[in-house]
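Worksheet for the structure shown next.
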Amino acid sequence: MFTLNDILQGNAGKIRVVGTTAPDPQLVFHAAHHDSRQITLDDLFIAIKGAKVDGHRFIATAARAGARAALCVEPANDVPSDFLQIIVPDVVEALHATVRQRIQRQTETIYIGITGSNGKTSTKEAVASVLSRVAPTLKTYASYNTEIGFPLTLLQLEPEHRFAVLEMGAQWVGELAMLCTIARPDWSIVTNVGTSHLEYFGSQERIALAKSEIVQALTSEGIAILNYDDPLVQAMHEKTNARILYYGLAPEAHVRASDIGGDTLRGLSFTLHYQQESIRIQLHLPGEHGITIALAAAAAGLSAGLPLTEIKIALEQLHTFKRRGEIKPGFHGSTVIDDSYNASRKSILAIAHAMHDAPIQGGSKRWAVLGDILELGSFAPEEHRITGAEIAHQVDYLVAIGDNARYFVEGAITAGMPSAHTYYYQADIENQKELDAAKQAAITMLKEQIQKEDLVLVKASLGVGMDTIVNALLA
């Protein structure tokens, strides 16, 4: 919730309002959206000129959907006379300035920034679930973690929100530092440093540098919640004067897990330790990475003063998040593991390890159906080869779809997987017709080959659209 006055004051001297002679500065907007399809009554439409789509074309659509106003560079003509059009030189800069003004009115809220190469969204969901047991909590919508999505989330702040759990992504060094100028985190959580977005960063060291910006932004009163098990994250303690709270499996972690056991796909159990206290927890999240997510959320809960008994309740109520390790019944009595939302080498191997360690009936097989990992640039062949080589000992059959996916197969065969256990369907992922044909060929083969009790993992970067394969393989 925010007001027209937040926009006016945040952008003083750079703004012109058309549509009414005397707009009320106290006019309230419940939310802001840059997608006209998400507009509801009395929202603000953010008209952004993108590389492919100009949001200004949809101002009239947003007005018809109930928007009260639009933030834009140039006004549209075909709107009601009382529809406000707030004209600024740069819409994104104006959006940021509005948020800075808005959060000045909410000094009691604790802002928690979450970043990392993998697991940001799942960790955000878990942290918000735990903190909601303390007080009303705002969380990032979906994966809105960019220079546009991050401020749009903050404009949904309500006066009762004591916590704001904010996913923060980066594709270049300096991006997180920029986001922190919009809303400085009071607590920062770093999940891991992997190889996502290597195309933009150029090296894992630069990825670590970029992720550390969320820790550098903390004041001495802040808390840096760091994954002790990732050396590059652990080392970020040198970047801040804030209090350090480590989480992980290592005995040196402040918030740690021990005595891990159970079903790696449907949820492990573990003992949670903090200081002199401990408690047994049964998760419903897949793999050891599910425990890491839970530990980060527990660390946030402990920072908020929540007792272990309350943290246990919150963690045991967590279930797999949409398209992130969801277990679904497949055709022929198989089980489909829908991890199709996104992919990196680390996330592929994490879920593959969980599948490998899961119990299956004698004679049943484990399948990995993988599409391209995107945004790797010149590093793509090697990243796919390494992934293929490491996954070769985790699954029985490998199905690869895309262009760089061929290197999954190359790496797996080099590591010892029989070539007869690999299938490659070539496709230019920019050519939708070609990609659809490759997916359909893979679906046809899988429906012929997969048997009862087989486990089938489906995973790729979001742009490959592997959810279509998941849907085709369901019972």
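Read-outs: derived from the displayed coordinates by stated rules, not from any lab. This one's a predicted model, so the numbers in the text were calculated from it and none came from an experiment. Here the Cβ is made from the backbone with ideal geometry for all residues, glycine too, and neighbour counts use every protein chain on show.
A few points about this structure:
- Taking all Cα pairs closer than 8 Å and separated by 6 or more residues, the relative contact order of region 131-217 comes to 27 percent.
- For the chain, the convex hull drawn through the C-alpha positions has a volume of 149 cubic angstrom per residue.
- Between Thr444 and Arg133, the modelled label-to-label distance comes to 5.2 nm, taking each label 7 Å out from Cα in the direction of the beta carbon.
- Among Asp372, Asp43, Asp24, the ranking by other beta carbons within 10 Å of each residue's beta carbon, starting with the fewest, stands as Asp24, Asp43, Asp372.
- Per residue, the convex hull volume that the Cα atoms of region 177-292 enclose (Å³): 121 Å³
- Reported value for region 326-473: 93 Å³ per residue, from the convex hull of its C-alpha atoms.
- One decimal place: the segment Thr107-Asp467 gains 125.4 nm when fully extended, by the rule 0.36 nm per residue minus the C-alpha distance.
- Selected from Ala314, Gly411, Tyr200, residue furthest toward positive end of dipole (the chain; charges at beta carbon): Ala314
- Applying a DSSP loop filter and a limit of 13 other Cβ atoms within 10 Å to the GluC sites (Glu not before Pro) in region 403-475 leaves Glu430.
- Relative exposure of Ser212, Ser196, judged by other C-beta atoms within 10 Å (fewest first): Ser212, Ser196
- Shown in residue order for region 4-17 are the 3J(HN,Hα) couplings computed by the Karplus curve 6.51 cos²θ - 1.76 cosθ + 1.60 at θ = phi - 60°: 4, 5, 4, 5, 5, 6, x, 10, 4, x, 10, 9, 9, 10 Hz (x for Gly and Pro).
- DSSP bridge pairs, the chain: antiparallel proportion in percent, nearest 5: 35 percent
- Remark: relative contact order (region 1-154) = 21 percent; criterion is Cα-Cα distance under 8 angstrom and separation of 6 or more residues.
- Ordered from longest to shortest, the equivalent ellipsoid semi-axes for region 106-316 are 25, 20, 16 Å, each the square root of 5 times a Cα gyration tensor eigenvalue.
- Expected 222 nm ellipticity per residue - DSSP helices of 4 or more, -39500 (n - 2.57), all of the chain, to 500: -9500 deg cm²/dmol
- Here region 3-44 and region 234-277 have alpha carbon centers that stand 44 Å from each other.
- Each of Thr444, Thr195 was scored by other Cβ atoms within 10 Å of its Cβ. Arranged with the fewest first, they read Thr444, Thr195.
- Kirkwood radius for region 2-91, taken over all pairs of different Cα atoms as the inverse mean of 1/r, rounds to 12.8 Å.
- Only Lys, Arg (+1) and Asp, Glu (-1) charged, at Cβ; region 210-259 dipole about Cα centre in debye: 120 debye
- Simple Cβ-charge dipole of region 121-237, Lys/Arg +1 and Asp/Glu -1, about Cα centre, in debye nearest 20: 160 debye
- Bridge type composition, region 106-316 - antiparallel percent by DSSP, nearest 5: 35 percent
- Alpha-carbon centroid distance for the pair region 322-363 / region 403-421, whole angstrom: 19 Å
- Relative contact order of the chain, pairs being alpha-carbon contacts under 8 Å that are 6 or more residues apart, as %: 11 percent
- Too-long pairs where the Cα-Cα distance tops 32 Å, listed order kept, from Lys120/Lys439; Lys124/Lys239; Lys139/Lys433; Lys120/Lys312; Lys322/Lys452: Lys139/Lys433
- Distant-in-sequence amide H partners of Leu268 (H built 1.01 Å from N, under 5 Å): Leu283, Leu285, Gly287
- In a reduced charge model with +1 at each Lys and Arg Cβ and -1 at each Asp and Glu Cβ, region 191-235 shows a dipole moment near 60 debye about its Cα centre.
- Euclidean distance of C-alpha centroids, region 175-228 and region 90-111, integer Å: 20 Å
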